[in-house]
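Structure first, commentary second.
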């Protein structure tokens with residue numbers, strides 16, 4: 001557990017995920033939780049930012065709201081129809097934070113596979 005670059009509770013959760021066959025989901029959740037906020041709310045557009053955030057809201061909680069943002073970002077990226085910077089601006093999503101989430105997912109996945117197999 002001390003090899004994982006995570007706080008002990010997160011490392012325990014990640015290690016337990018292997019026996020539950022949900023490692024990728026846990027890595028995604030941990031990456032979302034350990035990154036700066038995915039949303040930004042400029043003072044001049046607080047109402048618009050709140051409305052945009054509601055589009056991603058999940059009745060099951062904030063964690064799934066963050067997963068919804070990531071999934072939509074990846075969908076837009078895959079389709080290639082839209083400029084991601086414009087999509088982030090329009091939806092009040094912090095593009096740097098979501099890029100960091102993707103890097104963290106990759107790094108944690110590689111680190112986990114390398115150190116647990």
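Quick test for you: out of 69, 26, 101, pick the one residue that is at pLDDT 95 or above, under 18 Å from residue 7 (Cβ atoms) and in a helix (DSSP H, G or I).
So the residue among 69, 26, 101 that is at pLDDT 95 or above, under 18 Å from residue 7 (Cβ atoms) and in a helix (DSSP H, G or I) is 101.
Every residue, every condition in (1) surrounded by 17 or more Cβ atoms within 10 Å (Cβ to Cβ); (2) within 14 Å of residue 30 (Cα to Cα); (3) within 15 Å of the chain's Cα centre (by Cα), yes or no:
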| residue | (1), (2), (3) |
| --- | --- |
| 64 | no, yes, yes |
| 73 | yes, no, yes |
| 79 | no, no, no |
| 84 | no, no, no |
| 88 | yes, no, yes |
| 96 | no, no, yes |
| 101 | yes, yes, yes |
| 108 | yes, yes, yes |
| 114 | no, no, no |
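With respect to residue 58, determine if the residue is touching a helix residue (DSSP H, G or I) at 6+ places or on another chain (Cβ under 9 Å), outside any helix (DSSP H, G or I), more than 23 Å from residue 7 (Cα to Cα) and modelled with pLDDT under 90.
So residue 58 fails the test.
I'd like to know if the stretch 41-62 contains one or more residues that are touching a strand residue (DSSP E or B) at 6+ places or on another chain (Cβ under 9 Å), surrounded by 13 or more Cβ atoms within 10 Å (Cβ to Cβ) and under 18 Å from residue 103 (Cα atoms).
Scanning the stretch 41-62 turns up no residue that is touching a strand residue (DSSP E or B) at 6+ places or on another chain (Cβ under 9 Å), surrounded by 13 or more Cβ atoms within 10 Å (Cβ to Cβ) and under 18 Å from residue 103 (Cα atoms).
For the stretch 13-23, how many residues are modelled with pLDDT of 90 or more and either on the phi > 0 side of the Ramachandran plot or out of contact with any helix residue (DSSP H, G or I) (no Cβ under 7 Å at 6 or more places or on another chain) (or both)?
5
Being closer than 20 Å to residue 114 by Cβ, more than 14 Å from the chain's Cα centre (by Cα) and not in a helix (DSSP H, G or I) is true for just one of 41, 21, 17. Which residue is that?
The conditions single out 21.
Can you confirm whether residue 39 is modelled with pLDDT of 95 or more and within 19 Å of residue 104 (Cβ to Cβ)?
The answer is yes for residue 39.
Looking only at the stretch 1-12, filter to residues that are closer than 17 Å to residue 114 by Cα and assigned to a loop (DSSP other than H, G, I, E, B); which one of those is modelled with the highest pLDDT?
6
Only residues that are in contact with a strand residue (DSSP E or B) (Cβ under 9 Å, 6 or more places away or on another chain) and on the phi < 0 side of the Ramachandran plot: list them for the stretch 73-117, please.
73, 87, 91, 93, 94, 97
The values are calculated or read from the model by the stated rules, or taken from the named source; none is laboratory data. On a predicted model such as this, the values are computed, not experimentally measured, just so you know. Neighbour counts run over all protein chains shown; Cβ positions are idealised from the backbone, glycine included.
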